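Read the structure below first, then the notes.
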Amino acid sequence: MKKILSIKYGAGAFNFSILLLRVFFGVLLLSKHGYSKMVKFEELHTRFYSFLGMGSTFSLVLAIFAEVICAAFIILGLFTRLAAIPLIITMAVVVFGADAGKPLAESELAILYLGAFTTLLLCGPGKISVDGMINK
């Protein structure tokens, strides 16, 4: 019971927790959102949210890049902090752009992704990652 209430943690627990965060959020984003956007590209490219007037097709391509390529990098722990930046921007655009004016509950998933990828940007990939193996 004392260990459960403790605020101390070891390096192994931290690294394993970051691994879980990377893998769970990366796989969910890639499989549920990125892959479906790629498959439905023809259907979505005309009605996708146009970010900063870039056009819906280009905005969709950027979202697919973030949700597929960057999510894969996050899963592997390769260039993790760099890969987190497009994902943070994409989720911020969803929350403050595409879903602006909607109830907060409708943006709940994007807010969770935003929090997870911001955490990865600040904490890094941990030692159980390609980045961690390269920097040994």
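Bear in mind these aren't lab numbers, they're just calculated from the coordinates by the rules spelled out. Bear in mind that the values here come from a model prediction, so they are computed numbers and not experimental data. Positions of Cβ are backbone-derived with ideal geometry, glycine not excepted, and every protein chain shown enters the neighbour counts.
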Point to revise | Enumeration of residues in segment 31-56 that are within 18 Å of D99 (Cα to Cα), of a type in the set (A, V, I, L, M, F, W, C), over 19 Å from the mean Cα position of the chain (by Cα) and part of a helix (DSSP H, G or I) | key: L44, L52
Revision key, fill the gap. Filtering segment 89-119 for residues that are assigned to a helix (DSSP H, G or I) and either at positive phi or in contact with a Ser or Thr (Cβ under 6 Å, 6 or more places away or on another chain) (or both) leaves a count of 1
**Study point:** Exclusive hit being touching a residue at least 60 places away in the same chain (Cβ under 8 Å) and closer than 30 Å to A13 by Cα, set L120, L78
**Key:** L120
Review point. For A83, are the conditions met, namely being part of a helix (DSSP H, G or I), touching a Cys at 6+ places or on another chain (Cβ under 6 Å) and hydrophobic (A, V, I, L, M, F, W, C)?
Key: yes
**Study point:** Residues satisfying the stated conditions in segment 103-136, i.e. over 19 Å from L76 (Cα atoms) and charged (D, E, K, R)
**Key:** E106, E108
Review point. Does any residue of segment 124-132 turn out to be under 18 Å from L30 (Cβ atoms) and part of a helix (DSSP H, G or I)?
Key: yes
Study note, to complete from the structure: Given the conditions (1) touching a residue at least 24 places away in the same chain (Cβ under 8 Å); (2) more than 10 Å from the chain's Cα centre (by Cα), every one holds for I88 apart from (2)
Review point. Quick one: G126 ticks every box in (1) within 17 Å of H33 (Cβ to Cβ); (2) crowded, with 20+ Cβ neighbours inside 10 Å bar one, so which box is it?
Key: (1)
